[in-house]
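The values are calculated or read from the model by the stated rules, or taken from the named source; none is laboratory data. None of these values were measured; they are calculated from a predicted model. So basically every Cβ, Gly included, is an ideal-geometry build from the backbone, and we count neighbours across all protein chains shown.
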Amino acid sequence: MGETVQQGRPEIMPGAPAILVVEDDRRMAAFLDRALSYAGYRVAVTEDGERALAAAEARAPDLVVLDVMLPGIDGLEVARRLRAGNSGVPILMLTAREGLDDRIEGLDAGADDYLAKPFALQELLARLRALLRGRALAVAETRRGLLAYADVALDQDAREATRGGRRLALRNKELELLAYFLRHPERVLEPRTLLEAVWGYPYLGDANLVHVTLRRLRQELEADDAPRLIQTVPRGGYLLRQSTNGSA
């Protein structure tokens, strides 16, 4: 990680975002506790999945930093249970594994973002700020109305999407990604544009987060053999457009 954090605990401002850290490595948990506290967050730390679920139910956090490898109920199952309970809390998953399959597994479980250990503290803080900013916008922008294209509709107030009347089981970033496409129909969107607009991160050459989230979004949109709406275009872009043959 490379950064050092001062000892002791700072005074936290009232109303500061509450972050639940779920980490069984005591050294890492202590580091995150100190680092996030000095960054101005209210921090609660749990060391296993069962305690994490109980803590989230007792006092809903504004964000969860969740390690994958936990004793008992692992981080993937914690994410699934939080989502099964209709919790829209942003989840940043931490893991020592950084393969694409591991990222897919974490995002499929319900995580909004994925950070491999070891990580730079500044990168962690930047991702937390982006996730919290997205959550704040979702709460503040009330009565945003309906977005629609072809047979897809997204009620931004209820955060519910349908295709042909069938409700789509979409999570936080999948909904936000769909909304961005619906706001920019029939326009080629590059992965870097989507990463910066939906996640709020600068593009540094890695768009796997976009590709994995888009894969899940497409699975929902194309269930029951529905034709493809989000087309892949040459040189790596995507386009919301009706297709006559369901290709691309």
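Scoring A52 on the criteria (1) crowded, with 22+ Cβ neighbours inside 10 Å; (2) within 17 Å of N172 (Cβ to Cβ); (3) without any contact (Cβ under 8 Å) to a residue 60 or more places away in the chain leaves a single failure, condition (2).
Here L70, L76, L36, L20 are screened, and the one residue that is of a type in the set (A, V, I, L, M, F, W, C), part of a loop (DSSP other than H, G, I, E, B) and modelled with pLDDT of 90 or more is L70. Inside region 13-43, residues that are farther than 21 Å from R80 by Cβ and in contact with a helix residue (DSSP H, G or I) (Cβ under 7 Å, 6 or more places away or on another chain) make up a count of 4.
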